[in-house]
Amino acid sequence: MKATAVAPSNIAFIKYWGVKDEILRPPKNGSISMNLSELLTTTTVEFNPDFYQDSIVVDDVQEIIEGNRVIKHLDRIRSLAKVSYKAKVISKNNFPASTGLSSSASGFSALTVAASAAAGLKLSEKEFSILARQGSGSACRSIPDGFVEWLDGETSETSYAISLYSKDYWDIIDVVAIVSTNKKEISSTEGHKFATTSPFFNRRLEINKEKMRLVKQYLQEKNFTAFGELIEAEALELHAIYLTSHPSLIYLLPASLRLLHLVKKWRKEGLEIYFTLNTGQDVHIICQKKDVKKVTQKLSEVDDVQSVIINYPSKGAHIIQKHLF
Ligand code: PMV
């Protein structure tokens, strides 16, 4: 009973922020994202009657079991599959975790798919997505292919992600500019609890449906300019909520801000690029495929940028190996 899955992280164009319920994690609002080809987690799960306790190794580090979210997630899967064996989980990210690159999205979607296969569960994409969401909200969007919408359902059963378009639909690229690999102090899972403390949060919810409609329209039209302007404004709105929450959440570093100014400057000079941001300091630069070289060239001249990761749209989580005994 052992399986290995690989799953991508994803970048949200319309962001999920705030949960209706902290256990089941249906979101306060709908969101839209793209799976990222070069931000991957590979996870192997083995259930074995000979294991006397669960063990979890992430990026070669043994994790503490007490209160661990991975164990809670394994318990969900064990209970669905009626399996009581303990598990060994080995997970590897090919990028720095907990810095705002959504390792929880790739991590919990890979865990969901690997553990379900190892436990002998046969689930639909919708069921995988519902299950992954309970591990970490945005993980539900790393299950389907390509460009994805997370439906803002009222219940657990109606809150899952669907593919809007496959990975080959549109040649847009997310060039991630890493400005620091320092881990954030407040994880997004923690941060969601403070969403409603911002005086602007209700307004954000009021305008979400219209924004969702517009992003879907621009995606459908492949209208890069309208799409870019909207997603950049959305990222700044998310950070306005962070800054005005109680406690305030300040994720951007001086280096991040300097880069946001540069993106605007380069755009004025004719390079059509837009930024988006997550719960962290790194900057996601969205561009068209034809401009990738120019973007990476510009970034290579910026001292603040430690490294870049070029992401194409990607397929969702999938099994890469089932081990038969
Ligand atoms: O899934 P979480 O709890 O890591 O939250 C993700 C929050 C954002 O990345 C800021 C937005 C999003 O929709 O991915």
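Here are the numbers:
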item	result
Residue that is within 22 Å of residue 39 (Cα to Cα) and either in a helix (DSSP H, G or I) or more than 16 Å from the ligand (Cβ to nearest atom) (or both), where the choices are 319, 207, 286, 241	319
Those residues of the range 72-105 which are part of a helix (DSSP H, G or I) and more than 12 Å from the ligand (Cβ to nearest atom), in sequence order	72, 73, 74, 75, 76, 77, 78, 79, 80, 81
The range 264-282, subset touching a residue at least 40 places away in the same chain (Cβ under 8 Å) and part of a loop (DSSP other than H, G, I, E, B), residue farthest from residue 15 (Cα to Cα)	272
Some residue of the range 66-77 being among the polar types (S, T, N, Q), at pLDDT below 95 and within 21 Å of residue 191 (Cβ to Cβ)	yes
Unique match (being surrounded by fewer than 18 Cβ atoms within 10 Å (Cβ to Cβ) and not aliphatic (A, V, I, L, M)) among 171, 152	171
Residue within the range 175-197 that is within 30 Å of residue 297 (Cα to Cα), more than 15 Å from the ligand (Cβ to nearest atom), of a type in the set (Lys, Arg) and not in a helix (DSSP H, G or I) present	no
Index of the failed condition, residue 122 passing every other in (1) open to solvent by 10 Å² or more (accessible area, probe 1.4 Å); (2) assigned to a strand (DSSP E or B); (3) within 19 Å of residue 321 (Cβ to Cβ)	(2)
Residue within the range 290-297 that is aliphatic (A, V, I, L, M) and surrounded by fewer than 22 Cβ atoms within 10 Å (Cβ to Cβ) present	yes
Residues being within 16 Å of the ligand (Cβ to nearest atom), of a type in the set (Phe, Trp, Tyr) and not in a loop (DSSP other than H, G, I, E, B) - total across the range 127-174	3
Considering residues of the range 20-41 that are open to solvent by 20 Å² or more (accessible area, probe 1.4 Å) and either part of a strand (DSSP E or B) or within 14 Å of residue 208 (Cβ to Cβ) (or both) only, the residue nearest to the ligand (Cβ to nearest atom)	28
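The values are calculated or read from the model by the stated rules, or taken from the named source; none is laboratory data. Computed from a predicted structure; not experimentally measured. Every residue, glycine among them, receives a Cβ derived from its backbone with ideal geometry; neighbour counts consider all protein chains shown. Heavy atoms of the whole protein, side chains included, go into the accessibility calculation; ligands, DNA and RNA do not. Shrake-Rupley method; radii C 1.70, N 1.55, O 1.52, S 1.80 Å.
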